[in-house]
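Worksheet: one structure, shown below.
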Amino acid sequence: MGERSGNQRQLSASSRSKFIKKDKEGVASVIGTIMALLVFLTFLTLFTNTYIPIWMKENEKNHMDEVLNQFGDIKGKIDSLVVNAQVTGQSTINMYQPFTLGSDGVPVFASATAGYLFLKPTGSIDSGVRESFYYSIESGNSTPFNENGGGCVEFYGPNRYYVQQWYAYENGALLIYQQDGMAMRAAPSLNFILNGDGTVNVQFDQVDLIGKNSSVSGLGSAGATIDLIYHDPQTYDLCRSNGDDNGDLTMVFTTRYNTTWMSFIRETAMEAGLNETEGDFNLTEEVKIVEYRSVYEITLTISNVDQFTHNRGYVIIELEY
């Protein structure tokens with residue numbers, strides 16, 4: 001009996017040893033799995049926190065560069081339509097301009113960034129141009145001119161990694177806005193010539209956008225049909241309200257891109273030899289609507305104007321998605 005009890009105790013000790021060994025192996029296996037998971041999670045965190053933002057920032061930057069080129073295309077196409085109408089006397093060609101609304105995402109890790117495209121035609125509250133002056137058809141008589149026009153096609157990129165930007169084709173100019181400033185990438189056709197007798201000739205190619213105030217948004221492609229329906233080139237002999245020669249020309253620009261318009265107009269006038277302090281021209285701005293991106297009225301008054309060459313194109317634009 002004693003020998004049998006001893007064997008049982010030995011077997012029990014042996015069994016416990018095997019169980020302990022198996023437990024140690026199980027613990028080691030669990031620890032190994034946990035360590036592998038920790039390493040994987042570390043690399044995944046590094047990937048999502050470092051590489052994904054860099055990747056997405058590059059995607060959004062490339063997308064904004066692409067949209068900027070597309071806005072350059074729409075300006076070029078409208079300018080081509082106007083030149084064709086000037087040369088041929090007919091406005092029979094229409095064009096189409098595609099726009100890429102959204103940037104690419106990173107599959108699984110980051111969604112794509114949508115974009116917004118707006119058409120703000122003549123008469124919109126935040127984009128336009130108005131000219132006011134008197135002109136003479138016969139000596140001693142004056143006829144008033146006071147008309148509105150202009151308009152804007154604008155894109156907003158609500159980027160999450162790259163800087164948020166707005167692009168606009170407005171009154172013949174290509175404009176960029178972001179939180180730290182704005183710039184004019186392509187200038188409109190606005191020219192001043194100082195004559196030898198001190199009078200000024202002014203030339204302005206105005207583009208009136210006709211259509212429905214509309215917008216499209218999303219990730220895919222959109223487009224704009226462009227149709228120049230009429231081109232009206234006119235040259236006015238300016239006078240004062242009493243019929244005397246050489247009157248004042250007033251141009252009022254309604255815009256959200258006030259700083260760049262002010263800089264362009266002032267620099268263009270000064271390069272032509274006009275002096276603001278001596279009263280050759282006066283340039284002011286006034287806030288009309290206070291918002292995150294406020295709406296301004298920029299008023300330019302040019303004194304002693306002899307002739308105003310006003311080339312006006314009427315362009316129908318329709319957004320498609």
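Filter the range 74-95 for residues that are polar (S, T, N, Q) and surrounded by fewer than 17 Cβ atoms within 10 Å (Cβ to Cβ); which is modelled with the highest pLDDT? Steps first, answer last, please.
Taking the range 74-95 first, the residues polar (S, T, N, Q) are 80, 84, 86, 88, 90-92, 94.
After this cut, where a residue has to be surrounded by fewer than 17 Cβ atoms within 10 Å (Cβ to Cβ) as well, the list is 80, 84, 86, 88, 90, 92, 94.
Details: S80: 93, N84: 90, Q86: 86, T88: 85, Q90: 80, T92: 73, N94: 87.
Across the range 74-95, the extreme among qualifying residues is S80.
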Exercise. Do you know which residues across the range 262-321 are touching a Phe, Trp or Tyr at 6+ places or on another chain (Cβ under 9 Å) and aromatic (F, W, Y)?
Worked result: F281, Y296, F308, Y314
Problem set entry | Conditions (1) under 27 Å from Y236 (Cβ atoms); (2) assigned to a loop (DSSP other than H, G, I, E, B); number of the one not met by S132 | (2)
Problem set entry | Residues that are surrounded by 14 or more Cβ atoms within 10 Å (Cβ to Cβ), within 16 Å of the chain's Cα centre (by Cα) and among the hydrophobic types (A, V, I, L, M, F, W, C), drawn from the range 115-163 | L117, F118, L119, C152, V153, F155
Exercise. So which residues in the range 273-321 are acidic (D, E) and either free of Cβ contacts under 8 Å to residues at least 40 places away in the same chain or part of a strand (DSSP E or B) (or both)?
Worked result: E276, E278, E285, E286, E291, E297, D306, E318, E320
Problem set entry | Index of the failed condition, N62 passing every other in (1) surrounded by 16 or more Cβ atoms within 10 Å (Cβ to Cβ); (2) at pLDDT 95 or above; (3) not acidic (D, E) | (1)
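Residue by residue, here is whether (1) in contact with a helix residue (DSSP H, G or I) (Cβ under 8 Å, 6 or more places away or on another chain); (2) β-branched (V, I, T); (3) part of a strand (DSSP E or B); (4) touching a residue at least 40 places away in the same chain (Cβ under 8 Å) holds:
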residue	(1), (2), (3), (4)
Q206	no, no, yes, yes
V216	no, yes, yes, yes
A224	yes, no, yes, yes
D227	no, no, yes, yes
P233	yes, no, yes, yes
D237	no, no, yes, yes
T250	no, yes, yes, yes
T254	no, yes, yes, yes
Problem set entry | Failed condition for F71, given (1) surrounded by 17 or more Cβ atoms within 10 Å (Cβ to Cβ); (2) among the hydrophobic types (A, V, I, L, M, F, W, C); (3) out of contact with any strand residue (DSSP E or B) (no Cβ under 7 Å at 6 or more places or on another chain) | (3)
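The values are calculated or read from the model by the stated rules, or taken from the named source; none is laboratory data. Every value quoted in this text rests on a predicted model; they were computed, and no experiment measured them. No Cβ is skipped: glycine too gets one built from the backbone with ideal geometry, and neighbour counts run over all protein chains shown.
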